[in-house]
Amino acid sequence: MKKLIIANWKMNPPTLKKAKELFSATTNYRLQAKNAEIVIVPPFIYLSELLKIKNSPKQSTLATGQIKLKIGAQNIFWATEGAYTGEISPKMLKDLYVDYAIIGHSERRKYAAETDEMINKKVIAALKESLKVILCVGEPLEIRKKGKKAAMDFVKNQLQKDLKGLKGKLLSNKLIIAYEPIWAIGTGISATPETALETIKYIKKLLITNYQLLTPRVLYGGSVDSKNIKGFLQHNEIDGALVGGASLNAKEFKKIVELTNKIN
Ligand code: 13P
């Protein structure tokens, strides 16, 4: 299966002009290798304009090579329409041809007080509209300090709540889990490939036994860059990376994609 490289721009860059420049610089080159699928996830407000660029015949994007390029959203709301000031529905995103939605990112859990119950409703709503879900889970530092078992129990508990009522066909091909330990996000201190691998293997086992997924896809996220990407992705079980800071530098992101392509 292709490795999935997702660029989560978070609340960057600060202007539309800069967003267009970053998008073009990130996507405007041909790559012939076949081992990666790319998803760019900009702030909502830039989605329409960037989709126009992506779909313009002039744009010689990654999509015109053999690499698939898709667009995602950083969040969604669970209702389809109505009196929900400030929210964006999965239907609105589908209407724009957005393919993916990140749900339950730790920054939304922290700054927007999103609970597992809210995240569960969002996952259900996204799947109903056939959006692919990138569900983020991962433990804080105080839990990791207690040891491997505590970290795994934490993640298991998040999955139990976030995926409540869902299994099998409802999820297959549509659910991607991003294991993002909170202590590794934006800190420059990534998890070791070994820690990421053992947690990801555990998550996959849960997805197979408790959620009847045949081929679960699980990514690693947290201070990924061109220097450490190979260490993670050389393991078959790690299906890709969710990249934050490094995706804001087009050259760096391109390196990450190129290195991914070289992994068999
Ligand atoms: P960084 O790559 O900046 O650590 O961010 C990771 C992340 O949160 C991606 O969603």
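With a Cα-only, solvent-free Debye model of the stretch 3-261, what are the log10 I(q)/I(0) values at q = 0.09, 0.12, 0.13, 0.16 Å⁻¹? After summing over all Cα pairs, the log10 values are -0.37, -0.67, -0.80, -1.25. A cut-off under 14 angstrom between Cβ atoms defines the neighbours of Lys251, and their net charge, with Lys, Arg +1 and Asp, Glu -1, is -1.
Ellipticity at 222 nm from helices only: DSSP H runs of n ≥ 4 in the chain, each -39500 (n - 2.57), divided by the residue count, give -11500 deg cm²/dmol. Peptides 74-83, 135-144, 241-250, 180-189, ordered by how many other C-beta atoms sit within 10 Å of their residues on average, highest first, read 241-250, 135-144, 180-189, 74-83.
In this structure, the residue pairs whose Cα-Cα separation is over 24 Å, taken from Lys20/Lys251; Lys68/Lys121; Lys94/Lys122; Lys10/Lys70, are Lys68/Lys121. Listed values for the stretch 136-145 are Karplus-derived 3J(HN,Hα) couplings in whole Hz (6.51 cos²θ - 1.76 cosθ + 1.60, θ = phi - 60°), namely 9, 9, x, 8, x, 4, 4, 6, 4, 4, and x replaces Gly and Pro.
Please list 191-200, 100-109 highest first by mean number of surrounding beta-carbon atoms within 10 Å per residue.
The densest-packed peptide leads the list: 100-109, 191-200.
The largest-to-smallest principal axis extents of the Cα set in the stretch 46-186 are 53, 37, 32 Å.
Each Cα pair under 8 Å and six or more residues apart adds its sequence gap; the mean of these over the residue count of the stretch 3-261 is a relative contact order of 20 percent.
No lab work stands behind these numbers, since they all come straight from the coordinates. This is a predicted model, so every value here is computed, not measured. Counting neighbours? That spans all protein chains shown, and the Cβs are built from the backbone with ideal geometry, glycine included.
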